[in-house]
Amino acid sequence: MTIVAASRVSPRRGGTGVRWLIGRLGGLLFVLWAAATLTFFALRLIPGDPAEALLGGPGSQASDEALAAAREEYGLNQPLWMQYLAQMGRYLLLDFGTSYSLREPVSSVIAEQFPGTLLLASLALALAWVLAITVAVWSARSGRIAGALGSALEVVAVALPHFWLATSLVLLFSTTLGWLPPISGRSPSGLVLPVITLAIPLAGFLGQVMRESLLNALSSPFAQSARTRGETATGVIWRHGLRHAALPAIGLSGWAFGTLVSGAVVVETVFARPGLGRTLLSAVQARDIPLVTGTVLVVALAYSLVTTLTDVLDRIADPRLRTEANA
Amino acid sequence: MKRPSVVETAPVVVLAFFVVSAVAPNLIAPGDPLAIDPLASFQAPSAGHPLGTDESGRDILTRIVHGAAPSLLIGVLATAIGVGLGLVLGIVGGLGPRWLDTTSTRFVEVLFAFPGLLLALLFIAIAGPGPVTSTIAVGLATAPGYARLVRSQVLSVRRSGYVEAALVLGHGWWRRLLRHILPNVTATLFVLVTLGVGQSIVWASSLSYLGLGVSPPAAEWGAMLNSGRTYVASFWWMTFFPGLAIVLSAAATTLLGRSLQSRVRSS
Amino acid sequence: MAIRPSSPSRTATSRTKTSRTAATRAGLAISGLTLTALILSGCAPAADNGGSSDPVAGGTLTYATGDAEPTCLDPHVGGNYPQALVATQYLESLVSLDASGAVIPWLATEWSEAEDGLSWDFTLRDNVTFTDGEPLNAAAVQANVAHVQDPATGSSTGYLALGKVTGVEAVSDTVVRFTLSAPDSALLESLSQPWVAMQSPAALERAKEVNCESPVGTGPFVVTEWDRQNSITLERNDDYTSPPADAADGDGPYLDSIVWRFVPDSATRYAALASGEVDVIDNAQPDALVAADDDDSLEELDAPRPGASNRLELNSGIAPFNDVAVREAFIRAANVNDGITSLFFGTAERSYSALSSVEPLGVSDPDLFDFDLEKSNELLDAAGWTERDADGYRVKDGERLTVTFPVSTNQSIPAEQSLFEQIQATTKEAGFDVVLEPGDLSTWYATLAANEYNVVSAPYTKVGPDVLRILYHSDGITPAPSGYFANLAQVNLPELDTLLTEASEVSDAEQRSQLYADAQQIVLDGFYILPLYDQQNHYLYNTAVEGLRAMPTVSTPTLAEAWLDR
């Protein structure tokens, strides 16, 4: 319904929308360029020779000839700015290069690993929202004790480190109960524990943020007037409270996506699940510059898309933002 | 003023305990947190060791008490770095002229584009592991989140009726910031900060899991949690108590933040 | 001189739980040589071929590895242990070793060394083909050596192993001659390693990326799929004809296929084994081994890696360990026995040798490593470290007695890291300020290359005592172009160099043994190292798995004779 309302804006406003979108696109390209540049130089600051990543990892007893051949092959013997320009040039042609450590085109590594992580992160985000809303609504309705219990749950959830939660879930559901496989692989049943592991702390965080604004919204004059008009408590929560409460939490979705990718590094390691998080960790450890940069670019792109989406949602949920753009 | 309730007193008591632990650990647990006793390793909680011993026979109670200072310091400093950066970027973005907003938003987005852990990984890879670097790394990793939230709050408050009214009344920028925007932003930020302390400790422990955090023998809650994790199936007390310390301190700061907030609001 | 290998003998490194406990109880004072004998005699082969039923063909075995995922499945490229683990299933070498360490035939049936030691002739097995149909002949061996020695391949381990080989020629279709720059008593041991295993010459000519994904060998299994970060799928080589001389009789391989999964987290790996999701795991941690003891459905295979023991190297190149008294003081102040007992739950045996207990030529000297705080203090006082600062650390000329200890969190398991913490705590009593610096592999190597360490633990796996030359010959102090150097203790003694060079060239077994014994004694007496235990290499497997054994070469498990009883 709100989306329909948003599409019914005047032609003038539509024009602003397009301009806004073009601005976003420019911003997106900037973010991608800056991320690639930052990563490129940050990785060069790290001690360790990238040529070694090519020859069986750090500490390899690679011979002079082997190192020279590797440097030659990957252009590592050229000056830094040449390498940088060459890499940016290749990115313009959508060529992400070849991973040092995997000896595979970065694009195919990402194509292989990204869908799994995306699925994991999306499901976890969805579950986190469901959990957060459920607890927030339930405790907003059910009075002080429920409220205290709800926020206690959230506080505990937030304080659970992924690696520890994952191990405990494996201990409970795999070792003791035998319900779910401890290693995830690419199977659907293996997805359950990783998703829960990622969702619980995030739900705690979203819940905390939402509760605050939900309580604010519910004590606001318009909610009170809705109540005096005879709307039910649940109705007020859903129609007025949540819409307001969701705002800061929606604003956090881009951030949430980032933490999910971070969490994926740990969760994919614990559950032996293939994915971008694990790729990223091993790529950083192997000083695999093309792979780290490629992965960062993909995550940056995904993040930017999520933020753009949340901004659009923001504009829909809070009409004042739309008029502001015209002011 | 109404009398403080249990919900308000409990966090104060818990925090007081941890603060005393941090300032004068020897008052509570006079032992050496690093003293090993390999032959008394993996002992379950008992009269001699109320919270048991770890893999090197160190007393877990002593380590938790002595660990309060480094743990809370990591939590507080990392949060301070994160919130500080976030506040500056967020307010500049939310209140400043358009170009400044665009620049700071872009900057935050670039930082954001790096998953927090990657930012931390890269920073640690460059600067080397250790308590200081992991504190800064956690602060850096969390800053974009705070910045974005602050900006969105600032925008929301700025467009609210009373700020517009202040604008009509001709109040200056600083006055609007101090009188109207900051107090409203702080409401949300307060919850975030109180949450952030626990979060930062948890983040730092994840770095330890990946082998990049605080050096292991140091009595730090996250590091203790991580080293106990290997043995979680057999020796639960090694993870349970450090985990409890993290949860308790995080919960206490959050609840304290809440009750302070509602007192401020009602007065 | 012609070496006729002894008759094939069954290698059984599998030990039942009872025998492990027995070996543990046998005490700490046993020297390496007798310990080896004890372990070998304690290796009741009962678990594997004592079963009443005959091998059953078929089934898929799932193996979960905790080692890093190889970046290339061709072990010529780079050359590390994770590659060796999986390559054992599809590649084979010219020779192998039996349980006693004697060289036995594999793809080569016999061999002879020229009088001057500068060339070796190998006779190849008849009728062996690679799984792409190429024949194994002299030309194929030539192509393999050329591949390892080609800089473009980027071989490091294999390259070192063939360091003295200057040329390979085909004498006939089945006889191949290696020419050497100097006699090499370690040549056969070197050739037994998976890092110089034979691959199809046609396959080697493909692009490096392609060969990395699907190397072609003569082994019992064939690589069919590599799903990155998840698993490698291997299928049975139905035409397999070339087991090593010590293989069990039978018509294996029995398994239809192997799923080789990458499960980096040790707790998850054990949970997967216990729940029956996987059949075999490697890198089993001490607490898992104890838990498995109580689980009737699990068995253990303990196969310590060959080469060096796991030991701390004291950097004698820079202060404070350039003073032998300070080195001895540190070693005397480090109380490690209690820690090993409690942290490893009796699954690891204290070592007093530079070499692994599976190396027959290892020399142990427990007396040098007695914990003696008093002596440590006397030594430090005499060496001029007389003052102590407010924290209790010793000081000399305003400098604190600081010992920097970089720890690789990729290589050192949690129990080992805890042991290092205990060493830190016990040496503090004597006034040492040990600074542990945990870091990832790249950081760790960078610290070593910058010579910014005083103590380090760097395991080194190689078949045979020639590893001593790599680790303690002064040539090993000169960094490779990559900055890496193997002589991390920075031992620089001309008489030791002479001994090690001589030992690597002498062909008389007794003389060789004596030279290596003398060399080891010099290293031990000089307090350059603090041996801890063998490089731990524990496998756990489901009792349904029969016929699993570890190769006596680099202790990788082979599934060539394995079958599933379920």
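What's the total number of residues in the stretch C:287-304 that are surrounded by 24 or more Cβ atoms within 10 Å (Cβ to Cβ) and out of contact with any strand residue (DSSP E or B) (no Cβ under 8 Å at 6 or more places or on another chain)?
Matching residues across the stretch C:287-304 total 2.
Looking only at the stretch C:99-111, which residues are buried (at least 20 other Cβ atoms within 10 Å of the Cβ) and of a type outside the set (Gly, Ala, Ser)?
Correct list: C:VAL103, C:ILE104, C:PRO105, C:TRP106, C:LEU107, C:TRP111.
Suppose we filter the stretch B:121-134 for residues that are farther than 16 Å from A:LEU280 by Cβ, in contact (Cβ under 8 Å) with a residue 24 or more places away in the chain and either touching a helix residue (DSSP H, G or I) at 6+ places or on another chain (Cβ under 7 Å) or facing chain A (nearest Cβ under 7 Å) (or both); how many remain?
Residues in the stretch B:121-134 being farther than 16 Å from A:LEU280 by Cβ, in contact (Cβ under 8 Å) with a residue 24 or more places away in the chain and either touching a helix residue (DSSP H, G or I) at 6+ places or on another chain (Cβ under 7 Å) or facing chain A (nearest Cβ under 7 Å) (or both): 2 in total.
Quick one: A:GLU212 ticks every box in (1) at pLDDT below 75; (2) within 14 Å of chain C (Cβ to nearest Cβ) bar one, so which box is it?
(2)
Hey, any hits in the stretch C:339-347 for a residue that's within 14 Å of C:THR426 (Cα to Cα), outside any loop (DSSP other than H, G, I, E, B), in the same structural domain as C:GLN511 (by TED's automatic domain parsing) and at pLDDT below 95?
Within the stretch C:339-347, one or more residues are within 14 Å of C:THR426 (Cα to Cα), outside any loop (DSSP other than H, G, I, E, B), in the same structural domain as C:GLN511 (by TED's automatic domain parsing) and at pLDDT below 95.
Quickly run through the stretch A:131-150 and pick out the residues that are surrounded by fewer than 17 Cβ atoms within 10 Å (Cβ to Cβ), within 13 Å of another protein chain (Cβ to nearest Cβ) and within 20 Å of A:SER219 (Cα to Cα).
Of everything in the stretch A:131-150, those that are surrounded by fewer than 17 Cβ atoms within 10 Å (Cβ to Cβ), within 13 Å of another protein chain (Cβ to nearest Cβ) and within 20 Å of A:SER219 (Cα to Cα) turn out to be A:ARG144, A:ILE145, A:ALA148.
Does B:LEU118 satisfy the condition of being assigned to a helix (DSSP H, G or I), open to solvent by less than 10 Å² (accessible area, probe 1.4 Å) and without any contact (Cβ under 8 Å) to a residue 12 or more places away in the chain?
Criteria met by B:LEU118.
Within the bounds of the stretch B:97-114, is there any residue that is away from chain A (no Cβ under 13 Å), surrounded by fewer than 24 Cβ atoms within 10 Å (Cβ to Cβ) and within 15 Å of the chain's Cα centre (by Cα)?
no
With the requirement that a residue be within 13 Å of chain C (Cβ to nearest Cβ) and small (Gly, Ala, Ser), what does the stretch B:27-41 give you?
Scanning the stretch B:27-41 gives B:ALA35, B:ALA40, B:SER41.
Here's the yes/no breakdown for (1) of a type outside the set (A, V, I, L, M); (2) open to solvent by less than 20 Å² (accessible area, probe 1.4 Å):
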site: C:GLU113; (1), (2): yes, no
site: C:PRO151; (1), (2): yes, no
site: C:GLY158; (1), (2): yes, yes
site: C:VAL171; (1), (2): no, no
site: C:THR174; (1), (2): yes, no
site: C:SER181; (1), (2): yes, no
site: C:GLN193; (1), (2): yes, yes
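Among the residues of the stretch A:97-125, write down those that are open to solvent by 20 Å² or more (accessible area, probe 1.4 Å), hydroxyl-bearing (Ser, Thr, Tyr) and more than 9 Å from chain C (Cβ to nearest Cβ).
Within the stretch A:97-125, A:SER107, A:SER108, A:SER122 meet the criteria.
Can you confirm whether C:LEU273 is within 14 Å of chain A (Cβ to nearest Cβ), under 22 Å from B:VAL232 (Cα atoms) and part of a helix (DSSP H, G or I)?
Judged against the criteria, C:LEU273 is a match.
Suppose we filter the stretch C:383-398 for residues that are among the acidic types (Asp, Glu) and either within 17 Å of C:ASN335 (Cα to Cα) or open to solvent by less than 30 Å² (accessible area, probe 1.4 Å) (or both); how many remain?
Adding up the residues that qualify gives 0.
C:VAL434 is checked against (1) outside any strand (DSSP E or B); (2) among the hydrophobic types (A, V, I, L, M, F, W, C); (3) open to solvent by less than 10 Å² (accessible area, probe 1.4 Å) and fails just one. What number does that condition carry?
Only one criterion in (1) outside any strand (DSSP E or B); (2) among the hydrophobic types (A, V, I, L, M, F, W, C); (3) open to solvent by less than 10 Å² (accessible area, probe 1.4 Å) is unmet by C:VAL434, namely (1).
Taking into account only those residues within the stretch C:399-427 that are at the interface with chain B (Cβ under 8 Å from one of its Cβ atoms), free of Cβ contacts under 8 Å to residues at least 60 places away in the same chain and within 23 Å of C:PRO320 (Cβ to Cβ), which is most open to solvent (accessible area, probe 1.4 Å)?
C:GLN424
Can you tell me which residue among A:LEU92, A:LEU180 is of a type in the set (A, V, I, L, M) and either within 30 Å of A:SER213 (Cα to Cα) or surrounded by 18 or more Cβ atoms within 10 Å (Cβ to Cβ) (or both)?
Result: A:LEU180 is the single residue among A:LEU92, A:LEU180 that is of a type in the set (A, V, I, L, M) and either within 30 Å of A:SER213 (Cα to Cα) or surrounded by 18 or more Cβ atoms within 10 Å (Cβ to Cβ) (or both).
Among the residues of the stretch B:83-96, is there at least one that is at the interface with chain A (Cβ under 9 Å from one of its Cβ atoms) and not charged (D, E, K, R)?
No - not one qualifying residue is present in the stretch B:83-96.
Scanning the stretch A:151-168 for residues that are surrounded by fewer than 22 Cβ atoms within 10 Å (Cβ to Cβ) and of a type in the set (Gly, Ala, Ser), which turns out farthest from A:LEU202 (Cα to Cα)?
Taking the candidates together, the pick is A:SER168.
Of all residues in the stretch A:278-303, which are assigned to a helix (DSSP H, G or I) and open to solvent by 10 Å² or more (accessible area, probe 1.4 Å)?
A:ARG278, A:LEU281, A:SER282, A:GLN285, A:PRO290, A:LEU297, A:VAL298, A:LEU301, A:ALA302, listed by residue number.
Would you mind telling me which numbered condition in (1) crowded, with 21+ Cβ neighbours inside 10 Å; (2) closer than 14 Å to C:SER200 by Cβ C:GLU134 fails?
Condition (1) is where C:GLU134 drops out.
Test A:GLY97 against the stated conditions and say whether it is modelled with pLDDT of 80 or more and closer than 19 Å to A:VAL299 by Cβ.
It is true that A:GLY97 is modelled with pLDDT of 80 or more and closer than 19 Å to A:VAL299 by Cβ.
Of the residues B:ALA137, B:ALA141, B:ALA69, only one is hydrophobic (A, V, I, L, M, F, W, C), farther than 30 Å from B:SER41 by Cβ and either out of contact with any Leu (no Cβ under 6 Å at 6 or more places or on another chain) or away from chain A (no Cβ under 14 Å) (or both); which?
Result of the check over B:ALA137, B:ALA141, B:ALA69: B:ALA137.
Residues being surrounded by 20 or more Cβ atoms within 10 Å (Cβ to Cβ) and more than 9 Å from chain A (Cβ to nearest Cβ): count how many of those fall in the stretch B:238-247.
4
Search the stretch C:444-462 for residues being open to solvent by less than 30 Å² (accessible area, probe 1.4 Å) and modelled with pLDDT under 90, and hand back the single one that is farthest from C:ARG400 (Cα to Cα).
C:LYS462
The values are calculated or read from the model by the stated rules, or taken from the named source; none is laboratory data. The model shown is predicted, which means the values in this text are computed figures rather than measured ones. Don't worry about glycine lacking a Cβ; one is built from the backbone with ideal geometry, like all the others, and counts go over all protein chains shown. Only protein heavy atoms, including side chains, enter the accessible area calculation; ligands, DNA and RNA are left aside. Shrake-Rupley method; radii C 1.70, N 1.55, O 1.52, S 1.80 Å.
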